[in-house]
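Asker: Quick one: the structure is below, and I'll ask about it shortly.
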Amino acid sequence: MERRFEGRVAVITGAAGGIGRAAVERFAAEGASIVAVDLPGPALEEAADLARAAGAEAIAVPADVSRAADVERYVAAARDRFGRIDAFFNNAGIEGWVGPLTMYPEDQFDRVIAVNVRGVWLGMKHVAPVMAAGGGGVIVNTASVAGLSGTPGISAYGASKHAVVGLTKTAALELAPMRIRVCAVCPAPIETRMMRALERGINPDEPEAVHQQLAGTIALGRYGEPAEVAAVVAFLCSSDASYLTGTIVPVDGGRMAR
Ligand code: NAD
(Lines give C-alpha, C1' and ligand atoms only; values in the text may rest on other atoms or scores of the structure.)
Protein backbone atom coordinates (compact mmCIF):
# COMPACT_ATOMS: atom_id res chain seq x y z
CA MET A 1 0.00 0.00 0.00
CA GLU A 2 1.16 3.54 -0.77
CA ARG A 3 1.95 5.71 2.26
CA ARG A 4 0.47 9.00 1.07
CA PHE A 5 -0.06 10.38 4.60
CA GLU A 6 3.38 9.88 6.14
CA GLY A 7 3.88 12.65 8.72
CA ARG A 8 0.25 13.79 8.29
CA VAL A 9 -2.52 13.94 10.87
CA ALA A 10 -6.04 12.67 10.19
CA VAL A 11 -9.05 13.40 12.40
CA ILE A 12 -11.89 10.93 11.86
CA THR A 13 -15.34 11.27 13.46
CA GLY A 14 -17.66 8.30 13.77
CA ALA A 15 -14.38 6.40 14.09
CA ALA A 16 -15.97 3.55 16.03
CA GLY A 17 -18.57 2.83 13.35
CA GLY A 18 -18.36 0.79 10.17
CA ILE A 19 -17.11 3.38 7.70
CA GLY A 20 -15.12 5.32 10.31
CA ARG A 21 -13.19 2.24 11.46
CA ALA A 22 -12.34 1.39 7.86
CA ALA A 23 -11.05 4.93 7.42
CA VAL A 24 -8.95 4.66 10.59
CA GLU A 25 -7.37 1.48 9.22
CA ARG A 26 -6.79 2.98 5.77
CA PHE A 27 -5.25 6.26 6.96
CA ALA A 28 -3.11 4.45 9.53
CA ALA A 29 -1.89 1.98 6.90
CA GLU A 30 -0.95 4.93 4.69
CA GLY A 31 1.17 6.47 7.43
CA ALA A 32 -1.11 9.06 9.10
CA SER A 33 -1.32 9.77 12.80
CA ILE A 34 -4.92 9.28 13.87
CA VAL A 35 -7.32 11.23 16.07
CA ALA A 36 -10.32 8.92 16.49
CA VAL A 37 -13.51 10.67 17.60
CA ASP A 38 -16.80 9.05 18.59
CA LEU A 39 -19.22 8.75 21.48
CA PRO A 40 -17.51 7.35 24.59
CA GLY A 41 -17.20 3.57 24.78
CA PRO A 42 -14.99 0.57 24.20
CA ALA A 43 -15.54 0.64 20.41
CA LEU A 44 -13.79 4.02 20.25
CA GLU A 45 -10.76 2.70 22.14
CA GLU A 46 -10.73 -0.32 19.82
CA ALA A 47 -10.60 2.00 16.80
CA ALA A 48 -7.50 3.74 18.18
CA ASP A 49 -5.98 0.31 18.92
CA LEU A 50 -6.54 -0.69 15.29
CA ALA A 51 -4.53 2.33 14.17
CA ARG A 52 -1.72 1.50 16.60
CA ALA A 53 -1.72 -2.11 15.36
CA ALA A 54 -1.08 -0.68 11.90
CA GLY A 55 1.95 1.16 13.29
CA ALA A 56 0.34 4.60 13.62
CA GLU A 57 0.29 6.96 16.55
CA ALA A 58 -3.31 7.39 17.66
CA ILE A 59 -5.48 9.01 20.29
CA ALA A 60 -9.14 8.37 21.04
CA VAL A 61 -11.22 11.43 21.93
CA PRO A 62 -14.74 10.78 23.18
CA ALA A 63 -17.08 13.50 21.93
CA ASP A 64 -20.65 14.19 20.90
CA VAL A 65 -20.18 16.00 17.59
CA SER A 66 -23.44 17.93 18.02
CA ARG A 67 -22.03 19.77 21.07
CA ALA A 68 -19.76 22.74 20.39
CA ALA A 69 -17.73 22.23 23.59
CA ASP A 70 -17.02 18.61 22.59
CA VAL A 71 -15.98 19.62 19.07
CA GLU A 72 -13.63 22.29 20.45
CA ARG A 73 -12.21 19.58 22.74
CA TYR A 74 -11.43 17.07 19.98
CA VAL A 75 -9.85 19.77 17.83
CA ALA A 76 -7.75 20.97 20.79
CA ALA A 77 -6.71 17.37 21.53
CA ALA A 78 -5.52 16.94 17.92
CA ARG A 79 -3.61 20.24 18.01
CA ASP A 80 -2.07 19.58 21.43
CA ARG A 81 -0.98 16.02 20.60
CA PHE A 82 0.09 16.37 16.97
CA GLY A 83 0.32 20.13 16.30
CA ARG A 84 -1.68 20.09 13.07
CA ILE A 85 -4.63 18.62 11.17
CA ASP A 86 -4.07 17.66 7.52
CA ALA A 87 -7.12 15.50 6.80
CA PHE A 88 -10.55 15.66 8.43
CA PHE A 89 -13.08 12.90 7.73
CA ASN A 90 -16.26 14.50 9.08
CA ASN A 91 -18.23 11.29 9.12
CA ALA A 92 -20.28 10.75 12.31
CA GLY A 93 -23.98 10.38 11.61
CA ILE A 94 -27.22 8.73 12.68
CA GLU A 95 -30.09 7.33 10.66
CA GLY A 96 -32.91 8.42 12.97
CA TRP A 97 -36.44 7.08 12.91
CA VAL A 98 -37.86 5.26 9.90
CA GLY A 99 -41.47 6.02 8.90
CA PRO A 100 -43.79 8.47 7.19
CA LEU A 101 -43.05 12.20 7.30
CA THR A 102 -46.55 12.83 8.73
CA MET A 103 -45.75 10.67 11.76
CA TYR A 104 -42.07 11.61 12.17
CA PRO A 105 -41.38 12.44 15.87
CA GLU A 106 -40.14 16.00 16.39
CA ASP A 107 -37.43 15.03 18.84
CA GLN A 108 -36.04 12.48 16.38
CA PHE A 109 -36.06 15.06 13.60
CA ASP A 110 -34.16 17.53 15.78
CA ARG A 111 -31.59 14.92 16.84
CA VAL A 112 -30.84 13.84 13.27
CA ILE A 113 -30.32 17.45 12.22
CA ALA A 114 -28.21 18.12 15.33
CA VAL A 115 -25.78 15.26 14.67
CA ASN A 116 -25.74 15.13 10.86
CA VAL A 117 -25.89 18.86 10.05
CA ARG A 118 -24.87 20.82 13.13
CA GLY A 119 -22.15 18.25 13.90
CA VAL A 120 -20.69 18.47 10.39
CA TRP A 121 -20.86 22.26 10.40
CA LEU A 122 -19.29 22.55 13.89
CA GLY A 123 -16.51 20.19 12.80
CA MET A 124 -15.59 22.31 9.81
CA LYS A 125 -15.94 25.52 11.82
CA HIS A 126 -13.39 24.44 14.42
CA VAL A 127 -11.07 22.30 12.29
CA ALA A 128 -10.59 24.81 9.46
CA PRO A 129 -8.59 27.39 11.48
CA VAL A 130 -6.16 24.70 12.69
CA MET A 131 -5.80 23.36 9.15
CA ALA A 132 -5.25 26.84 7.79
CA ALA A 133 -2.58 27.53 10.42
CA GLY A 134 -0.74 24.42 9.19
CA GLY A 135 -0.79 25.60 5.59
CA GLY A 136 -3.99 23.89 4.44
CA GLY A 137 -5.58 20.46 4.24
CA VAL A 138 -8.57 18.48 3.10
CA ILE A 139 -12.02 17.99 4.60
CA VAL A 140 -14.25 15.14 3.43
CA ASN A 141 -17.82 15.17 4.70
CA THR A 142 -20.00 12.06 4.62
CA ALA A 143 -23.28 12.74 2.86
CA SER A 144 -25.21 9.88 1.19
CA VAL A 145 -27.10 8.97 -1.94
CA ALA A 146 -30.00 10.12 0.28
CA GLY A 147 -28.42 13.59 -0.09
CA LEU A 148 -28.78 13.42 -3.86
CA SER A 149 -32.33 12.14 -4.32
CA GLY A 150 -35.47 11.62 -2.23
CA THR A 151 -35.76 8.53 -0.02
CA PRO A 152 -39.23 7.78 1.38
CA GLY A 153 -39.29 6.93 5.10
CA ILE A 154 -36.23 8.85 6.20
CA SER A 155 -37.24 12.49 5.78
CA ALA A 156 -34.93 13.87 8.49
CA TYR A 157 -31.97 11.82 7.27
CA GLY A 158 -32.57 12.83 3.65
CA ALA A 159 -32.85 16.48 4.61
CA SER A 160 -29.69 16.26 6.69
CA LYS A 161 -27.65 14.69 3.91
CA HIS A 162 -28.87 17.22 1.31
CA ALA A 163 -27.71 19.84 3.84
CA VAL A 164 -24.27 18.20 4.02
CA VAL A 165 -23.97 18.51 0.24
CA GLY A 166 -24.85 22.21 0.46
CA LEU A 167 -22.47 22.81 3.36
CA THR A 168 -19.69 21.05 1.44
CA LYS A 169 -20.06 23.30 -1.60
CA THR A 170 -20.24 26.46 0.49
CA ALA A 171 -17.23 25.47 2.60
CA ALA A 172 -15.24 24.62 -0.54
CA LEU A 173 -15.74 28.16 -1.81
CA GLU A 174 -15.06 29.83 1.55
CA LEU A 175 -12.00 27.77 2.49
CA ALA A 176 -10.21 27.58 -0.87
CA PRO A 177 -8.22 30.78 -0.12
CA MET A 178 -6.89 29.00 3.02
CA ARG A 179 -5.68 26.10 0.82
CA ILE A 180 -8.34 23.82 2.25
CA ARG A 181 -10.16 21.54 -0.17
CA VAL A 182 -13.63 20.32 0.83
CA CYS A 183 -15.39 17.36 -0.79
CA ALA A 184 -18.18 14.95 0.14
CA VAL A 185 -18.72 11.26 -0.38
CA CYS A 186 -22.24 9.96 -1.02
CA PRO A 187 -22.31 6.26 -0.21
CA ALA A 188 -25.10 3.95 -1.34
CA PRO A 189 -25.99 1.22 1.17
CA ILE A 190 -22.80 0.00 2.84
CA GLU A 191 -22.48 -3.13 5.00
CA THR A 192 -22.57 -1.50 8.46
CA ARG A 193 -24.75 -1.37 11.58
CA MET A 194 -26.62 1.59 10.10
CA MET A 195 -28.00 -0.41 7.17
CA ARG A 196 -29.01 -3.26 9.49
CA ALA A 197 -30.99 -0.71 11.56
CA LEU A 198 -32.59 0.82 8.45
CA GLU A 199 -33.53 -2.61 7.08
CA ARG A 200 -35.21 -3.47 10.40
CA GLY A 201 -36.92 -0.06 10.43
CA ILE A 202 -38.34 -0.61 6.94
CA ASN A 203 -39.52 -4.16 7.58
CA PRO A 204 -38.97 -5.51 11.12
CA ASP A 205 -40.20 -8.99 10.10
CA GLU A 206 -38.09 -9.42 7.00
CA PRO A 207 -34.97 -7.23 7.06
CA GLU A 208 -33.17 -9.65 4.74
CA ALA A 209 -35.85 -9.08 2.07
CA VAL A 210 -35.18 -5.33 2.33
CA HIS A 211 -31.47 -6.03 1.90
CA GLN A 212 -32.15 -7.98 -1.29
CA GLN A 213 -34.52 -5.32 -2.61
CA LEU A 214 -32.08 -2.47 -1.96
CA ALA A 215 -29.14 -4.40 -3.39
CA GLY A 216 -31.26 -4.86 -6.52
CA THR A 217 -31.40 -1.06 -7.01
CA ILE A 218 -27.59 -0.95 -7.30
CA ALA A 219 -26.01 -1.54 -10.71
CA LEU A 220 -23.26 -3.73 -9.21
CA GLY A 221 -25.97 -5.74 -7.46
CA ARG A 222 -24.56 -5.49 -3.93
CA TYR A 223 -24.02 -3.16 -0.99
CA GLY A 224 -20.59 -1.56 -0.71
CA GLU A 225 -17.95 -2.47 1.86
CA PRO A 226 -16.74 0.16 4.36
CA ALA A 227 -13.21 -0.20 2.97
CA GLU A 228 -14.49 0.81 -0.47
CA VAL A 229 -15.67 4.13 0.97
CA ALA A 230 -12.46 4.59 2.97
CA ALA A 231 -10.37 4.13 -0.19
CA VAL A 232 -12.21 6.99 -1.92
CA VAL A 233 -11.88 9.20 1.16
CA ALA A 234 -8.13 8.52 1.24
CA PHE A 235 -7.89 9.40 -2.45
CA LEU A 236 -9.77 12.69 -1.89
CA CYS A 237 -7.47 13.58 1.02
CA SER A 238 -4.34 12.78 -0.98
CA SER A 239 -2.39 14.96 -3.37
CA ASP A 240 -3.73 12.71 -6.15
CA ALA A 241 -6.94 14.74 -5.80
CA SER A 242 -5.21 18.14 -5.66
CA TYR A 243 -7.58 19.73 -8.22
CA LEU A 244 -10.81 18.53 -6.57
CA THR A 245 -12.80 20.78 -4.29
CA GLY A 246 -16.54 21.22 -3.86
CA THR A 247 -16.75 17.78 -5.48
CA ILE A 248 -19.59 15.50 -4.45
CA VAL A 249 -18.55 11.90 -5.09
CA PRO A 250 -21.13 9.08 -5.18
CA VAL A 251 -19.57 5.86 -3.87
CA ASP A 252 -22.55 3.86 -4.92
CA GLY A 253 -21.94 0.91 -7.24
CA GLY A 254 -23.84 2.76 -9.93
CA ARG A 255 -26.93 3.51 -7.78
CA MET A 256 -27.20 7.10 -9.06
CA ALA A 257 -26.62 6.11 -12.69
CA ARG A 258 -30.28 5.08 -12.92
P1 NAD B 1 -22.32 3.41 12.00
O2 NAD B 1 -23.56 3.51 12.79
O3 NAD B 1 -21.59 2.11 11.96
O4 NAD B 1 -21.27 4.54 12.42
C5 NAD B 1 -21.66 5.83 12.79
C6 NAD B 1 -20.78 6.24 13.94
O7 NAD B 1 -21.11 7.59 14.30
C8 NAD B 1 -21.01 5.38 15.18
O9 NAD B 1 -19.78 4.85 15.66
C10 NAD B 1 -21.65 6.33 16.16
O11 NAD B 1 -21.35 6.05 17.52
C12 NAD B 1 -21.11 7.66 15.71
N13 NAD B 1 -21.94 8.76 16.19
C14 NAD B 1 -23.28 8.84 16.15
N15 NAD B 1 -23.71 9.97 16.76
C16 NAD B 1 -22.58 10.60 17.18
C17 NAD B 1 -22.36 11.80 17.90
N18 NAD B 1 -23.38 12.59 18.27
N19 NAD B 1 -21.09 12.15 18.19
C20 NAD B 1 -20.05 11.35 17.82
N21 NAD B 1 -20.21 10.20 17.14
C22 NAD B 1 -21.46 9.84 16.84
O23 NAD B 1 -22.72 3.81 10.51
P24 NAD B 1 -21.82 4.04 9.22
O25 NAD B 1 -22.53 3.36 8.13
O26 NAD B 1 -20.40 3.76 9.47
O27 NAD B 1 -22.06 5.62 9.02
C28 NAD B 1 -20.99 6.55 8.86
C29 NAD B 1 -21.51 7.71 8.03
O30 NAD B 1 -21.85 7.22 6.73
C31 NAD B 1 -22.77 8.37 8.57
O32 NAD B 1 -22.70 9.76 8.41
C33 NAD B 1 -23.87 7.79 7.69
O34 NAD B 1 -24.99 8.63 7.62
C35 NAD B 1 -23.13 7.69 6.38
N36 NAD B 1 -23.69 6.79 5.38
C37 NAD B 1 -23.80 5.47 5.66
C38 NAD B 1 -24.34 4.63 4.69
C39 NAD B 1 -24.51 3.16 4.93
O40 NAD B 1 -25.16 2.51 4.13
N41 NAD B 1 -23.96 2.58 5.95
C42 NAD B 1 -24.76 5.15 3.45
C43 NAD B 1 -24.61 6.51 3.23
C44 NAD B 1 -24.06 7.33 4.20
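Asker: Which ³J(HN,Hα) values in Hz, rounded to whole numbers, follow from the phi angles of the range 114-121 under the Karplus curve 6.51 cos²θ - 1.76 cosθ + 1.60, where θ = phi - 60° and Gly and Pro get x?
Answerer: Rounded to whole hertz, the list is 4, 6, 7, 10, 4, x, 5, 5.
Asker: At 7 Å along Cα-to-Cβ for each site, give me the label-to-label distance between residue 205 and residue 220 in nm.
Answerer: My value for the distance between the label points is 3.4 nm.
Asker: Separate question: Taking H placed 1.01 Å from N in the peptide plane, check which residues at least 5 places from residue 249 or on another chain put their amide H under 5 Å from its amide H.
Answerer: Hits under the 5 Å cutoff: 184, 185, 186.
Asker: Taking 0.36 nm per residue of separation and subtracting the Cα-Cα distance, what length does fully extending residue 49 through residue 176 add? If you can, show how the numbers build up before the last one.
Answerer: Numbers: separation 127, 0.36 × 127 = 45.72 nm, distance 3.40 nm.
Length gained between residue 49 and residue 176: 42.3 nm.
Asker: Could I ask something else about it? Considering only protein heavy atoms, what per residue accessible area in square angstrom results for the range 33-189 with a 1.4 angstrom probe?
Answerer: 41 Å²
Asker: So what J values fall out for the range 91-106 if you push phi through Karplus, 6.51 cos²θ - 1.76 cosθ + 1.60 with θ = phi - 60°, rounded to Hz, Gly and Pro as x?
Answerer: Listing the rounded values in order: 10, 4, x, 10, 8, x, 6, 10, x, x, 3, 5, 10, 5, x, 4 Hz.
Asker: Once you have a ≥ b ≥ c as the square roots of the Cα gyration tensor eigenvalues for the range 126-258, tell me rounded if a/c is under 1.5, and otherwise prolate or oblate according to whether a/b is larger than b/c.
Answerer: In terms of gyration-tensor shape, prolate.
Asker: Gain in length, residue 57 to residue 149, computed as 0.36 nm per residue apart minus the alpha-carbon separation, to one decimal in nm?
Answerer: So the chain would gain 29.2 nm between residue 57 and residue 149.
Asker: FRET efficiency for residue 101 and residue 212, Cβ-Cβ distance as r, R0 = 25 Å, nearest 0.05?
Answerer: According to the calculation, E is roughly 0.45.
Asker: Another one. Could you list the square roots of 5 times each eigenvalue of the Cα gyration tensor of the range 132-172, that is, the equivalent ellipsoid semi-axes, sorted largest first and rounded to whole Å?
Answerer: Each semi-axis is √(5λ); the values are 27, 8, 7 Å.
Asker: Roughly what angle does helix 18-29 make with the longest principal axis of the chain, taking Cα atoms, 0 to 90 degrees, to the nearest 10?
Answerer: Result, in degrees: 30.
Asker: Listed highest first by mean packing, meaning other Cβ atoms within 10 Å per residue, what order do 153-159, 133-139 come in?
Answerer: Order by mean packing, descending: 153-159, 133-139.
Asker: What is the Cα centroid distance between the range 212-258 and the range 119-196, reported in whole angstrom?
Answerer: After rounding, the separation between the Cα centres reads 14 Å.
Asker: Also, I was wondering about something else. How large is log10 I(q)/I(0) at q = 0.10, 0.16 Å⁻¹ when the Debye formula is applied to the Cα atoms of the range 9-257, each weighted equally and without solvent?
Answerer: The Debye formula, applied to the Cα set alone, gives -0.44, -1.15.
Asker: Pairing the Cα long axis of helix 42-53 with the longest principal axis of the chain, what angle in degrees results, from 0 to 90 and rounded to the nearest 10?
Answerer: Approximately 50 degrees, to the nearest 10.
Asker: First check a/c for the range 103-165, with a ≥ b ≥ c the square roots of the eigenvalues of its C-alpha gyration tensor; if it is under 1.5, answer rounded, and if not, answer prolate when a/b is larger than b/c or oblate otherwise.
Answerer: oblate
Asker: When you count, for each residue, the other Cβ atoms within 10 Å and take the mean per peptide, how do 124-131, 64-71 rank with the highest first? List each step's numbers first, then the result.
Answerer: Numbers: 124-131: 19.9, 64-71: 17.5.
Ranking the peptides 124-131, 64-71 by packing returns 124-131, 64-71.
Asker: ³J(HN,Hα) across the range 189-204 via Karplus (A = 6.51, B = -1.76, C = 1.60, θ = phi - 60°), whole Hz, x for Gly/Pro?
Answerer: x, 10, 6, 9, 3, 4, 5, 4, 5, 5, 4, 5, x, 6, 8, x
The values are calculated or read from the model by the stated rules, or taken from the named source; none is laboratory data. Predicted, not measured: the structure shown is a model, and the values here were computed from it. Cβ sites come from the backbone with ideal geometry, for glycine too, and all protein chains shown count toward neighbours. Just so you know, the surface numbers come from the protein's heavy atoms only, side chains and all, with ligands and any DNA or RNA stripped out. Shrake-Rupley method; radii C 1.70, N 1.55, O 1.52, S 1.80 Å.
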